[in-house]
Amino acid sequence: MKHRILTVSSANLDLDAKLNTAPEGGQTVIGTEYSYVPGGKGANSAVTVARLGFDSILCARLGRDSAADRLMALYRAEGIDTRFIARDSVNPTGLALILIEESGQNRIVVYPGANMALSPSDAEYAFTAYPDALLMQLEIGRETILWSAETARRQGIPVIIDAGPAVSDFPLEKLGPVDIFSPNESECAAYTGITPSGADSCFAACMALEKRIQAKYYVLKLGGRGCYVYDGKYCRSFPPYEVDVVDTTAAGDAFTAALTVEYLSSGSISRAAVFANVVGSLTVSKSGASSSIPTLAEVRRFMGERDIRLK
Ligand code: RIB
């Protein structure tokens, strides 16, 4: 069955600036190259869902500017359902300024613009598409996030939350119960005060998250160390796949979207974690946000070459 995944979330145009090392305060450095790339945590996830062969519905808000025209063209080309993308006449399209060091490590500043005007009534309209699951990040206004999660629960469809970016005062308690709650290391530290560095701290962080938000599965994204899954009883680490790291932008967004599609299709969080690690690894091996997200054919080829099986 081809699932229909609704992403209620952010869409940005990214200005990617490559440089050897990010400047210190008061310092000027000469960069190596720059480019504009479609991004935004929500849109990156929606692109991933579409590239992995699922029906992708994006509910987002853009400005009435050329950045928005460019983003809409990409979404249409990807086959994303764009009927629920609103154009805001007051606020500009969201912009992310991304510094990417030679190591692939990034630093991101987001100017949300129209993203913060995405409203519960925008989301209400998107639910008329009868999605099978709701995927969200925290890069839009909290009222819309909470309303959408509550509506999905009332409709009996799974809710998957990618906890980025870290909004330390977000009322996580009001967001659950959800199916999957997935923070990266820094988000985990912001919500729990615990940086998940080894098995003990991963477990302690999950215990602390459990006190704040009820989820069937807590999936910690550990970057170059793979991911860690806790189901309220058992925990398990899933190793990453080695690749040359070019740019880590959007790896987390692609990871959570891949986790969502495999979880929905197989019902197995273990299969989903392996699949998401593959997609995350492939994403860091290319430049940019949406530009780095692999297709299903690329994922299958990579899994075949490395004899990676979903079990
Ligand atoms: O997670 C990466 C994304 O964060 C970028 O595409 C940027 O737009 C910000 O939303």
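The values are calculated or read from the model by the stated rules, or taken from the named source; none is laboratory data. Predicted, not measured: the structure shown is a model, and the values here were computed from it. Counting neighbours? That spans all protein chains shown, and the Cβs are built from the backbone with ideal geometry, glycine included. Note: areas computed on protein heavy atoms with side chains; ligands, DNA, RNA excluded. Shrake-Rupley method; radii C 1.70, N 1.55, O 1.52, S 1.80 Å.
List of remarks:
- Gained length - T295 relative to L146, 0.36 nm times residue gap less alpha-carbon distance: 50.5 nm
- Shape parameters for region 166-311, alpha-carbon atoms, Rg then Dmax in Å: 14.8, 44
- Rounded accessible area per residue of the chain, 1.4 Å, Å²: 42 Å²
- Rg ratio for region 95-150: its Cα radius of gyration over 2.2 N^0.38 Å, N being its residue count, equals 1.47.
- Part-to-part distance (alpha-carbon centres) for region 87-114 and region 1-41, which is given in Å: 6 Å
- Within region 62-203, antiparallel bridges make up roughly 45 percent of the DSSP beta bridges whose residues both belong there.
- Shape metrics for region 123-232, restricted to C-alpha atoms - Rg then Dmax, Å: 13.8, 44
- Listed pairs K18/K174; K221/K311; K41/K174 exceeding 29 Å between Cα atoms: K18/K174
- Across the chain, Cα-Cα pairs farther apart than 24 Å form 49% of the total.
- Between region 237-295 and region 174-191, the C-alpha centres lie 18 angstrom from each other.
- Projected label distance in nm at R70 and E101, using a 7 Å step from Cα toward the beta-carbon: 2.7 nm
- Relative contact order of region 189-229, taken over Cα pairs closer than 8 Å and 6 or more residues apart, is 27 percent.
- Share of carbon and sulfur in the accessible heavy-atom surface of region 119-276 [1.4 Å probe, %]: 51 percent
- Within the chain, antiparallel bridges make up roughly 40 percent of the DSSP beta bridges whose residues both belong there.
- Rolling a 1.4 angstrom probe over region 31-98 with all protein chains present gives an accessible area of which 48% lies on carbon and sulfur atoms.
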